[in-house]
Amino acid sequence: MNSSNEVFPMNAPEPHLAVALARKALARSIGLAAFVYGYPLTETYRTCAMQTAPQGERRTGASHGSDVRAPLNTLHHAPRPSTDEDRDVVTPANDLLYTIAWIHLAHGPMLLTVPASARHPGRYFVLPLYDAYTENFENLGPRNCNPEGETVVLVGPGGTVPESLAGHRVVRCPTDLVWLIGRILVGDESDWPAARALQSEIGLAPAPGTALQGRPAAVEHWAGPPVDAMAAAFEHDEPAAQVAPRFFTNMCHALAESPGRVEDRAMVAWFGQVGLRADAAFAWESLDEPAREGLLEGFAEGVQLIAATGRNRRPKPWSMTPATGRYGNEFLGRARTAYLGLGALATSEAVYAAAHHDAKQEPLDGQRSYAMRFEADDLPPADAFWSVTLYDADRFLYSNEIRRHAIGDRTPGLKRAADGSLEIRLSHARPADTANWLPTPAGRFYLILRMYYPREGVQSWRIPALQAQQG
């Protein structure tokens, strides 16, 4: 039989301390994995809590009528494209009218009316549906719906279709909480009425027998202020000891309502080894001290991991996303996308590319001026439309004197060179000729290139790098 000294060497901690250290180490690894897995889920619930808040709880001031907040199961039509005044969702596009709805299917199906594309020839639109984990599981629009319009039945994971709706298209949703982020292409202000006419044809109503009720419990009882955990911990330097307890509490509450894929259940069960369980009554204070300490460390590491993901050892002028919207087991990519661009479309609908550096791998900074040149026969390969949008370091649109946030294939007044090429000029100082000018902040910024209805081979297309200008 082994002696006690052989089981616990002289330099080993006391048995109870060894157990505590092992439990803390387990909690640390679980904390990192749970943050990566649960961040998109909590971002969905946080955004829902913020956008469906009762009127008296909503923020006032900045949105000037374009605030996308409305009660649950209600459409909200943004009357104009997003600007720097809109701060609900990071990285918004500036060439779209959004129609937003938070849909709850726990109490029965809902009916979504898709507009008649035949009445709006040439007008791009899509009605994307996202589950609670940010998966873009369906896109409804001209490519797959009746040109004369149709009504689609949305059914939750445990729902049934009423007999009266037999024959309708049915979309079975992975979670009861569904986010609709409708997009309608819009030009300058003279084009807004036509885009709004299509927008007004989108409909949402309860199916026969569906009784609308209150918000999901995890939304109604959101723990703490509805603040992005990544932004709080990474951008605003809030201590993990303050942010992590709120995050894990909200995650466990959301897991109770949106269990996720069957394939993920074993991993979520592993989270329970330190007390993180899908439980509407979960409380951070119920965890033991080693678990709390390890989870705090794992949370902090998860934040840094997501922030660093995608950064190459040698920065590239442009990074094109290989896949967005539909992630499968790519949990880290899903979390990174939720941080940089919540509500990204599947790559079959749109492809995104980001630029944080210029041609010399230097960070984009308003202290310098830049030029981005497209050759006449080498414009972005998109069949619907494309645009280059500029974002400030805070991931929102930049306020500027000419109120221009993007340049694309529909920007009025662009000037082409004699050979047909298009050169976009980026600078903080206003140039003499502003036709092709995209204003930048004084400091760091980045760009997103969006290509809707991307053509085959888009992933191999070489995007022109930004060239820093002298003087």
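The values are calculated or read from the model by the stated rules, or taken from the named source; none is laboratory data. Model, not experiment: these values are computed from the prediction. Heads up, the Cβs are rebuilt from the backbone with ideal geometry, glycines too, and the neighbour counts pull from every protein chain shown.
How about region 177-190: which of its residues are within 27 Å of the chain's Cα centre (by Cα) and either hydrophobic (A, V, I, L, M, F, W, C) or surrounded by fewer than 20 Cβ atoms within 10 Å (Cβ to Cβ) (or both)?
Correct list: Leu177, Val178, Trp179, Leu180, Ile181, Ile184, Leu185, Val186, Gly187, Asp188, Glu189.
Looking at Ser387, Ser399, can you tell me which residue is of a type in the set (Gly, Ala, Ser) and part of a strand (DSSP E or B)? Give the steps one after another, and end with the answer.
Values: Ser399 fails: part of a strand (DSSP E or B).
The unique qualifying residue is Ser387.
Looking at Val243, is it outside any strand (DSSP E or B) and of a type in the set (Val, Ile, Thr)?
Numbers: outside any strand (DSSP E or B): yes; of a type in the set (Val, Ile, Thr): yes.
Judged against the criteria, Val243 is a match.
With respect to Ser190, is the statement that it is of a type in the set (Ser, Thr, Tyr), modelled with pLDDT under 95 and at negative phi true? First the steps, then the outcome.
Numbers: of a type in the set (Ser, Thr, Tyr): yes; modelled with pLDDT under 95: yes; at negative phi: yes.
Yes, satisfied.
Say whether the condition of being surrounded by 14 or more Cβ atoms within 10 Å (Cβ to Cβ), outside any helix (DSSP H, G or I) and in contact with a strand residue (DSSP E or B) (Cβ under 8 Å, 6 or more places away or on another chain) is met by at least one residue in region 273-287.
No, because not a single residue in region 273-287 is surrounded by 14 or more Cβ atoms within 10 Å (Cβ to Cβ), outside any helix (DSSP H, G or I) and in contact with a strand residue (DSSP E or B) (Cβ under 8 Å, 6 or more places away or on another chain).
Just for region 403-459: of the residues that are assigned to a strand (DSSP E or B) and small (Gly, Ala, Ser), which one is surrounded by the fewest Cβ atoms within 10 Å (Cβ to Cβ)?
Here the answer is Ser427.
Restricting attention to region 429-450, does a residue exist that is in the same structural domain as Ala323 (by TED's automatic domain parsing), more than 27 Å from Gly182 (Cβ to Cβ), without any contact (Cβ under 8 Å) to a residue 40 or more places away in the chain and under 25 Å from the mean Cα position of the chain (by Cα)?
Within region 429-450, not a single residue is in the same structural domain as Ala323 (by TED's automatic domain parsing), more than 27 Å from Gly182 (Cβ to Cβ), without any contact (Cβ under 8 Å) to a residue 40 or more places away in the chain and under 25 Å from the mean Cα position of the chain (by Cα).
Conditions (1) out of contact with any Cys (no Cβ under 8 Å at 6 or more places or on another chain); (2) outside any helix (DSSP H, G or I); (3) among the aliphatic types (A, V, I, L, M); (4) crowded, with 17+ Cβ neighbours inside 10 Å, marked per residue:
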residue	(1), (2), (3), (4)
Met230	yes, no, yes, yes
Asp264	yes, no, no, no
Met267	yes, no, yes, no
Arg314	yes, yes, no, no
Pro322	yes, yes, no, no
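I'd like to check which strands (runs of 3 or more DSSP E) are fully inside region 103-153 and have at least 3 residues that are under 23 Å from Ala194 (Cβ atoms).
Details: elements: 110-114, 125-130, 136-140.
Counting at least 3 such residues, we get 110-114, 125-130.
Regarding region 390-401, can at least one residue be identified that is exposed (fewer than 14 other Cβ atoms within 10 Å of the Cβ) and among the polar types (S, T, N, Q)?
yes
Need the failing condition index for Val170 against (1) among the β-branched types (Val, Ile, Thr); (2) surrounded by fewer than 17 Cβ atoms within 10 Å (Cβ to Cβ); (3) assigned to a loop (DSSP other than H, G, I, E, B), just the number.
Failed condition: (3).
Here are Leu345, Leu255, Leu296, Leu340: which of them is buried (at least 18 other Cβ atoms within 10 Å of the Cβ), among the aliphatic types (A, V, I, L, M) and more than 23 Å from the chain's Cα centre (by Cα)? Steps first, answer last, please.
Working: Leu345 fails: more than 23 Å from the chain's Cα centre (by Cα); Leu255 fails: more than 23 Å from the chain's Cα centre (by Cα); Leu340 fails: more than 23 Å from the chain's Cα centre (by Cα).
Selected residue: Leu296, the only one of Leu345, Leu255, Leu296, Leu340 that is buried (at least 18 other Cβ atoms within 10 Å of the Cβ), among the aliphatic types (A, V, I, L, M) and more than 23 Å from the chain's Cα centre (by Cα).
Taking Gly260 as the residue in question, decide whether it is over 23 Å from the mean Cα position of the chain (by Cα), among the small types (Gly, Ala, Ser) and either outside the structural domain of Asp394 (by TED's automatic domain parsing) or surrounded by fewer than 15 Cβ atoms within 10 Å (Cβ to Cβ) (or both). Spell out the reasoning first.
On the way: over 23 Å from the mean Cα position of the chain (by Cα): no; among the small types (Gly, Ala, Ser): yes; either outside the structural domain of Asp394 (by TED's automatic domain parsing) or surrounded by fewer than 15 Cβ atoms within 10 Å (Cβ to Cβ) (or both): yes.
Here the answer is no, as Gly260 does not meet what is asked.
What are the pairs, 6+ residues apart or on separate chains, where a residue within region 15-38 that is crowded, with 17+ Cβ neighbours inside 10 Å has its Cβ under 6 Å from a residue that is not in a helix (DSSP H, G or I)?
What qualifies is Ala34/Leu276.
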